[in-house]
Every structure is written in structure tokens, then in C-alpha cells.
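Notes for the one structure printed next.
No lab work stands behind these numbers, since they all come straight from the coordinates. Quick caveat: nothing in here was measured; it's all calculated off a predicted structure. For neighbour counting, all protein chains shown are included, and Cβ atoms are generated from backbone atoms with ideal geometry for every residue, glycine included.
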Amino acid sequence: MPASLPGQSAIVTGAALGLGNAFARALAGEGANVTICDVREEVHDLVPALEAAGVEAQAFTADVGLAADVRRVVDGHVERFGGVDVLVSNAGVWRASAATDDLDKTLDDYEFLINTNLKGVYLFGRAVIPHMIAGGGGNIVHIASDHIATCGTPYQRGCDDAPTCTWREQGPRPTGGGPDMDLYDASKWGINGFTIPWSKALREHNVRVNGLCMGATDSHMVRTFHEQNPGSGILDNAMRAEDVAALMIDLIAEGPEGRTGNNVNIAVGHPIELPPPGSPYIYSEAPA
């Protein structure tokens, strides 16, 4: 089967480990030249594997919450590849934060979580949008969270098509995380504030903007929830990063006429596949 993205170029943030690593490999496997970045130096170790797919690749050590770093990555990408066709804003962090925390801890947690999970999405999006418009279109994919979508948001769809869903007997999984996830959830809910308005503003420029509302996936972040302890049970039903990356490729491969302004819910225990645009799987959709 021929590659679906030959000659295109993509930026993937947070690509050293886990989902970002899988996204970068999937894009390279479909023929896209790839720029990757991460705060971890290990991001450079991925470049040879990407180049082995027959594409060009480069890596930057960068903090997505710093405007200077974002400019450096995007400018370096455009200088080498001439434009930007795909942005996958994947970089994300987690730390426990609760309403009962003292103010000093709260301020530190806010800077840590919001800078990466929300400000990073904003900065990279705004940096690449002019290049996508100049190039005649593109795809922005935000990695959000299933905390903003039940199994069947916005409808009580139930789990009839998902016999392995852990919420099958109780009804669709409720939105939100636990009591120690206030800032994490705020950052992920906030991403939708970019997905929907950007999709509306950029539709005429053939730039599609969508979110993937991720459930628990076997990744560094999910493992850190339980201190890297697979025996905790957190990984018993977790999805594979490679399967989610394949769905991301399907989303991009829809082309200029594909969905935009959608948050695609990828729930544990449910099929990892694109639903029809506008189906109950979609959390929200920008009107045509």
C-alpha cells in the first residue's frame, strides 16, 4: 500500500517517549519528513529510526512553553523542509494538584502543567498557522484527554459496541479525572478552546484542526501515575500507542475535505477507529 503522506512535513512535540514517539514513527512510515522536539535529550535518539523509513528527520531539545524555543523549532523546520503540513501537539505532563493545596504549591503546579499542556499547544499552533496558510492547507492535531468526553459524549450512547468497556454495566464513563487532577483537567479542557475556534477560522484556508481525546495508553505519562508500576492494574486495559498513532494517520489521510473541529474520543475498551463525522463519538463539532 503506498504511503499516504509522501513529501509532506510534520512537527511532533513531546516525541522522546510514548505517544509522541509513536506519532513520529507513524508519520515517517507514511513518507513525511519529520521534526521532533522534547525537553528530554533522548529525543535525538529517535532520528536514526525515522530516517530508516526513508525520510529526513531532525530533533530539537526544546520546551513547548517557551516562545523562543517554539520559534527555534518551527523556524528550523521551515528552513529545512520549506513549510509545515502537519503539527501534532502531543507534549504533555501530569502532576497531582488538588483544591486543598497551599498557594505556593498551586502556583508551581500551575506553571508546570499549564505551560506545557495548554500554552505549548497555543504557541505551536500560532507559530505554524501562517506557514500552513501560505502552503495552501494542513492538519493540526491536538492530543487532549478522555477526561473531556464520556464514552458517548454528548449522548448517553452506552457501550453496546464495546463489550470490553469497563463502564459497560454502569453507563458511559463520566467526564473529568480524580480530585487531584484539577489543573491537569483544566489544561486539557482548555485545548478545546483552541480546537473549535481555530477550525472555524482556518476552514477557508484548508487547515483542519482536530483533537484526539485520549484514554489510558501505555505510555511514560500513564506509568508515572503509578510510579512505573505495571502491577498497579493501570495497564490492564490500556491502549497501545501504535494503534492510536495509526488512527491519527487515518485522521490526517482524510484530506482537505475531511472533518475539522472534531474531538475524537478514543476510549479504553472501545474500538480504536474513526467514527463518522458528527456521530455520538464526537464531543463537539464546528458547524459547516
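List of remarks:
- Distance (nanometres) between label positions extended 7 Å along Cα→Cβ at Ala98 and Glu254: 4.0 nm
- Estimated distance in nm for a label pair at Glu273 and Arg40, the labels positioned 7 Å out from Cα along Cα-to-Cβ: 3.2 nm
- If you take all other residues with their beta carbon under 11 Å from the beta carbon of Phe124, and give Lys and Arg +1 and Asp and Glu -1, the sum is +2.
- Between Ala186 and Ala3, the distance separating the two model label sites (each 7 Å from Cα on the Cα→Cβ line) works out to 4.3 nm.
- Taking θ as phi - 60° and the Karplus parameters 6.51, -1.76 and 1.60, the scalar couplings of the stretch 92-107 work out to x, 9, 9, 7, 5, 8, 9, 4, 8, 5, 6, 5, 4, 5, 4, 5 Hz in sequence order, x denoting glycine and proline.
- Each of Ile36, Ile129 was scored by other Cβ atoms within 10 Å of its Cβ. Listed from fewest to most, they are Ile129, Ile36.
- Residues whose placed amide H lies under 5 Å from that of Ala57, excluding near-sequence neighbours: Val34
- Relative contact order %, the stretch 6-91, counting alpha carbon pairs below 8 Å whose residues are six or more apart: 37 percent
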